[in-house]
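K.L.:
The structure is given below, and queries will be raised subsequently.
The values are calculated or read from the model by the stated rules, or taken from the named source; none is laboratory data. Note that this is a predicted model, so its numbers are computed, not measured. Cβ sites come from the backbone with ideal geometry, for glycine too, and all protein chains shown count toward neighbours. Just so you know, the surface numbers come from the protein's heavy atoms only, side chains and all, with ligands and any DNA or RNA stripped out. Shrake-Rupley method; radii C 1.70, N 1.55, O 1.52, S 1.80 Å.
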Amino acid sequence: MAEPATQSNPTEDRLATLTMPQNGWADAARKAALARVREMGLPGRRDEYWKFTRPDSLTQPDAPKASLFHNDEGPLFDDMDRLKIVFVDGIFDAEKSDDLTMSGVRIDRLATSADIHWAADLYGSLEADGHYVQRPLAALNTAFATDGVLIHVTDKAEKPINFIYLHENETSDAILHHVVKVDAGAELTLLETGPAAARFNKSMEVDVADGATFHHVRAQGRDHERRAITHIFTRLGTESTFKSFTLTVNGRLTRNECVIDIQGDDAVAHVAGACVGDGDFHHDDTVFVTHDALRCESRQVFKKVLRNGAVGVFQGKILVKQGAQKTDGYQISQSLLLDDDSQFLAKPELEIYADDVACSHGSTSGAIDEEALFYLRSRGVPAGIATDLLTLAFLAEAVEEIEDEALRDALVERLEGWLERHRG
Amino acid sequence: MLNIKDLHVQLEEEDKQILKGVDLTVEAGKVHAIMGPNGSGKSTLSYVLSGRDGYEVTSGEATLDGEDLLDMEPEERAAAGLFLAFQYPVEIPGVGNMTFLRTAVNAQRKARGQDEMSAADFLKVIRAKAKDLKIDADMLKRPVNVGFSGGEKKRNEILQMAMLEPKMCILDETDSGLDVDAMKLVADGVNALRDAGRGFLVITHYQRLLDHIKPDVVHIMADGKIVKTGGPELALEVENNGYADILAEVA
């Protein structure tokens, strides 16, 4: 006699593999987050918000294997003065990290049992507020994050902080959660580098107070088979600045969500990304910017270079609430398709309830400009190098969003290296 | 130097014959001019020689110092010493003029087995050559041809030619869109490159460019063929009487 088919529940199947860490101050927030996960359920293929990206490998109980990829590139930003905080497969490594002290900043580990009042108020709260669209994988992260750091920026940070994510185990399944609070007038540059884990679920909540500045530059590399779902939740105060740039090379699946809530007048929020993918590569940028204050500026600039069947996704929304007059919102997403097999799927959205705003958005897919290519070749530049030059030119608008020249040059060098290795 | 024999070319996309048996030889040290009415195939000839897509050579040959041009990629033709000054130089946003030129110079040197030029040496050379063509530092830094005036674009073509030092230069209607002063500047740039080892093929509608770049030989092209060849006086004849008489005479 055949067994009756049991109704499987993907959310419970996943939750069954996880243990909620106990550390006092965050327990209530974790339990509330777990309740949100159960209420929403993990994303499935029929979810509108996951229409272009299959969530299966991000939600399944165990991480799919991702072999390690080595090349001869040295560590990124290695010649820069920065405070290094190293995670190996999602686990903090004190030995590889620098001493976690510097002027202008207080750094604690998420796993601390000390009661960090500001973090207790913030942990999970920006994530919980960020569900204009359901983000169950972020709630899952809040509930089960095993590591991460709490950064309280009280002044201008002495130097950038660099999270370095090393990947050494082929089946590592890491859940990290960072919380950053930038006090009024304070400044921090945060760098994130490395492939992190076979499967990486990372959240970062960033509270940028009045007149504060937060710069974020991230380079997601490098391992071809890794998967990642990341979220940034940020809340911006009056006259504050938030700027985030992400470079992504390789990776079977990456979804970067950025949820920006502009609450203070005259604030500026820029989020940008450049990615290059060859073959089995799926990259999804999902952005949600809410304007709920006067005279704020937001910019979204995303560029994708895709070849050999690589897939790029962009879902970007600007929501201008009633009364958010003089909003200046800009959004551009473009792809350069280097062959007929690659594809770019874009869903730009504007939702505006104020009558005195300037919002623009554009999305394009294109091939290499044959006229320009011939012009370069006619001057003796070989086709491969000419294509690289035009590809870098295409990415330039996004890359130029990085204000710091040294950081920008370091990332451009990575891009050049990648293009050279993947010359068609 | 440049030898073209019985060259037949049609468009790839449609069955339309553009060149119908072109024969032409340009010797080292000489300036040849090709004149002809619109649609006679002058620009097509320059594109086919430089390797642009979209044309099919159905018969004939073109060689540069004995090397088969038609069998090479565009960059190989450039490295072999061929240079085309475009009628419409292409704007390339995001690629700096200087980066572009240095990449081109070094790619050609590499293809010829020479050492690459250092950044410092390159800068020294390009500054001197740019100055002669009244190209300022800002134009060198800007993206290739982006926001350049018509005259600036043509001067930029001549700068590229001066930096790449080709053996065989083809100028495709370099006078189009230029006022008298700009034309003089461009012509001076070209004349400075005249050399016993270098050939020129100057394609133009009008005689006035040839007042400044004095040709040794003038060809008249019509309906895909060279129909008449003569000395500089042939250009004056065109200027005075138009093409009609010449075409009637050879018909």
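K.L.:
Among the residues that make up region B:205-215, is at least one of them in a strand (DSSP E or B) and either within 21 Å of residue B:128 (Cα to Cα) or in contact with a helix residue (DSSP H, G or I) (Cβ under 6 Å, 6 or more places away or on another chain) (or both)?
P.N.:
Within region B:205-215, not a single residue is in a strand (DSSP E or B) and either within 21 Å of residue B:128 (Cα to Cα) or in contact with a helix residue (DSSP H, G or I) (Cβ under 6 Å, 6 or more places away or on another chain) (or both).
K.L.:
Restricting attention to region A:4-55, which residues are on the phi < 0 side of the Ramachandran plot and small (Gly, Ala, Ser)?
P.N.:
Hits for region A:4-55 are A:5, A:8, A:16, A:26, A:28, A:29, A:32, A:33, A:35, A:44.
K.L.:
Moving to a separate point now. With a cut-off of at least 2 residues that are over 26 Å from residue A:287 (Cβ atoms), name the helices (runs of 4 or more DSSP H) lying wholly within region A:94-173.
P.N.:
It comes to A:117-122.
K.L.:
Next up: Out of all the residues in region A:254-283, which are surrounded by fewer than 24 Cβ atoms within 10 Å (Cβ to Cβ) and among the β-branched types (Val, Ile, Thr)?
P.N.:
A:268
K.L.:
I've got another one for you. Within region A:373-393, does at least one residue satisfy the condition of being more than 22 Å from the chain's Cα centre (by Cα) and acidic (Asp, Glu)?
P.N.:
So the first thing to find is which residues in region A:373-393 are more than 22 Å from the chain's Cα centre (by Cα), and the list is A:373-391, A:393.
With acidic (Asp, Glu) added as a condition, the list becomes A:388.
Yes: region A:373-393 contains one or more residues that are more than 22 Å from the chain's Cα centre (by Cα) and acidic (Asp, Glu).
K.L.:
Taking the options B:201, B:185, B:164, B:234, name whichever one is farther than 30 Å from residue B:57 by Cα and of a type outside the set (Val, Ile, Thr).
P.N.:
Values: B:201 fails: farther than 30 Å from residue B:57 by Cα; B:164 fails: farther than 30 Å from residue B:57 by Cα; B:234 fails: farther than 30 Å from residue B:57 by Cα.
Unique residue meeting the criteria: B:185.
K.L.:
Of A:59, A:53, which residue is in contact with an Asp or Glu (Cβ under 7 Å, 6 or more places away or on another chain) and hydroxyl-bearing (Ser, Thr, Tyr)?
P.N.:
Criteria check complete, one pass: A:53.
K.L.:
Right, residue B:177: open to solvent by 10 Å² or more (accessible area, probe 1.4 Å) and either closer than 19 Å to residue A:379 by Cα or touching a Gly at 6+ places or on another chain (Cβ under 7 Å) (or both) or not? Even if it seems obvious, please write down each step before you answer.
P.N.:
Numbers: open to solvent by 10 Å² or more (accessible area, probe 1.4 Å): yes; either closer than 19 Å to residue A:379 by Cα or touching a Gly at 6+ places or on another chain (Cβ under 7 Å) (or both): yes.
So residue B:177 passes the test.
K.L.:
Quick check on region A:190-217: of everything there that is in a strand (DSSP E or B) and out of contact with any Leu (no Cβ under 8 Å at 6 or more places or on another chain), which residue is surrounded by the fewest Cβ atoms within 10 Å (Cβ to Cβ)? I'd like the intermediate steps shown before the answer.
P.N.:
The first filter runs over region A:190-217 and keeps only residues in a strand (DSSP E or B), leaving A:190-193, A:199-208, A:213-217.
Subsequent filtering for residues that are out of contact with any Leu (no Cβ under 8 Å at 6 or more places or on another chain) retains A:190, A:192, A:204.
Details: A:190: 24, A:192: 22, A:204: 27.
Among those residues, the one meeting the criterion is A:192.
K.L.:
Say whether the condition of being crowded, with 20+ Cβ neighbours inside 10 Å, in contact with a helix residue (DSSP H, G or I) (Cβ under 9 Å, 6 or more places away or on another chain) and among the β-branched types (Val, Ile, Thr) is met by at least one residue in region A:284-295.
P.N.:
yes
K.L.:
Among the helices (runs of 4 or more DSSP H) lying completely within region A:321-424, list those that include at least 3 residues that are in contact (Cβ under 8 Å) with a residue 40 or more places away in the chain, within 14 Å of chain B (Cβ to nearest Cβ) and not acidic (Asp, Glu).
P.N.:
Numbers: elements: A:370-378, A:383-399, A:405-421.
Where helices (runs of 4 or more DSSP H) fall fully within region A:321-424 and carry at least 3 residues being in contact (Cβ under 8 Å) with a residue 40 or more places away in the chain, within 14 Å of chain B (Cβ to nearest Cβ) and not acidic (Asp, Glu), they are A:383-399.
K.L.:
Just checking, how many residues over region B:111-133 are part of a loop (DSSP other than H, G, I, E, B), surrounded by 14 or more Cβ atoms within 10 Å (Cβ to Cβ) and more than 14 Å from every other protein chain (Cβ to nearest Cβ)?
P.N.:
Selection size over region B:111-133: 1.
K.L.:
While we're here: Is there a residue being surrounded by fewer than 23 Cβ atoms within 10 Å (Cβ to Cβ) and not in a helix (DSSP H, G or I) anywhere in region B:181-191?
P.N.:
no
K.L.:
Find the residue count for region B:143-157, including only residues that are assigned to a helix (DSSP H, G or I) and either within 16 Å of residue B:179 (Cβ to Cβ) or open to solvent by 40 Å² or more (accessible area, probe 1.4 Å) (or both).
P.N.:
6
K.L.:
Now a separate question. Being more than 17 Å from residue A:306 (Cβ to Cβ), β-branched (Val, Ile, Thr) and in contact with a Ser or Thr (Cβ under 9 Å, 6 or more places away or on another chain) narrows it down to one of A:402, A:385, so name that one.
P.N.:
Details: A:402 fails: in contact with a Ser or Thr (Cβ under 9 Å, 6 or more places away or on another chain).
Exactly one residue qualifies, and that residue is A:385.
K.L.:
Looking for something open to solvent by less than 10 Å² (accessible area, probe 1.4 Å), in contact with a strand residue (DSSP E or B) (Cβ under 9 Å, 6 or more places away or on another chain), among the small types (Gly, Ala, Ser) and under 22 Å from residue B:67 (Cβ atoms) - is there at least one such residue anywhere in region B:30-42?
P.N.:
no
K.L.:
A further question follows. Which one is most open to solvent (accessible area, probe 1.4 Å), of the residues in region A:241-253 that are in contact (Cβ under 8 Å) with a residue 60 or more places away in the chain and assigned to a loop (DSSP other than H, G, I, E, B)?
P.N.:
Top of the filtered list is A:252.
K.L.:
If a residue has to be over 14 Å from residue B:3 (Cβ atoms) and within 12 Å of chain A (Cβ to nearest Cβ) to count, how many in region B:26-49 make the cut?
P.N.:
Adding up the residues that qualify gives 2.
K.L.:
Another question, then. So, residue B:52, is that one open to solvent by 40 Å² or more (accessible area, probe 1.4 Å) and either facing chain A (nearest Cβ under 9 Å) or in a helix (DSSP H, G or I) (or both) or not?
P.N.:
yes
K.L.:
Would you pick out the residues in region B:72-95 that are at the interface with chain A (Cβ under 9 Å from one of its Cβ atoms) and small (Gly, Ala, Ser)?
P.N.:
Within region B:72-95, B:78, B:79, B:94 meet the criteria.
K.L.:
If the requirement is being of a type in the set (D, E, K, R) and touching a residue at least 12 places away in the same chain (Cβ under 8 Å), which of these qualifies: A:56, A:27, A:13, A:72?
P.N.:
Going through A:56, A:27, A:13, A:72 in turn, just one is of a type in the set (D, E, K, R) and touching a residue at least 12 places away in the same chain (Cβ under 8 Å): A:13.
K.L.:
Restricting region B:64-79 to residues that are in contact (Cβ under 8 Å) with a residue 40 or more places away in the chain and under 16 Å from the mean Cα position of the chain (by Cα), which is nearest to residue B:114 (Cα to Cα)?
P.N.:
B:78
K.L.:
Give region B:55-70 a look and list any residue that's assigned to a strand (DSSP E or B) and either more than 22 Å from residue A:371 (Cβ to Cβ) or in contact with a Phe, Trp or Tyr (Cβ under 7 Å, 6 or more places away or on another chain) (or both), or say none.
P.N.:
Kept after step one, since they are assigned to a strand (DSSP E or B), are these residues of region B:55-70: B:55-64, B:67-68.
If the condition is that a residue be assigned to a strand (DSSP E or B) and either more than 22 Å from residue A:371 (Cβ to Cβ) or in contact with a Phe, Trp or Tyr (Cβ under 7 Å, 6 or more places away or on another chain) (or both), then B:55, B:58, B:59, B:60, B:61, B:62, B:63, B:64, B:67, B:68 are the ones that fit.
K.L.:
Can you pull out every residue in region B:96-110 that is without any contact (Cβ under 8 Å) to a residue 40 or more places away in the chain, within 8 Å of chain A (Cβ to nearest Cβ) and polar (S, T, N, Q)?
P.N.:
Once the filter is applied, which keeps residues that are without any contact (Cβ under 8 Å) to a residue 40 or more places away in the chain, within 8 Å of chain A (Cβ to nearest Cβ) and polar (S, T, N, Q), region B:96-110 yields B:99, B:103.
K.L.:
I would also like to ask the following. If residue B:64 passes every condition in (1) more than 10 Å from every other protein chain (Cβ to nearest Cβ); (2) in contact with a helix residue (DSSP H, G or I) (Cβ under 6 Å, 6 or more places away or on another chain); (3) of a type in the set (A, V, I, L, M); (4) crowded, with 19+ Cβ neighbours inside 10 Å but one, which one does it miss?
P.N.:
Among (1) more than 10 Å from every other protein chain (Cβ to nearest Cβ); (2) in contact with a helix residue (DSSP H, G or I) (Cβ under 6 Å, 6 or more places away or on another chain); (3) of a type in the set (A, V, I, L, M); (4) crowded, with 19+ Cβ neighbours inside 10 Å, residue B:64 violates only (2).
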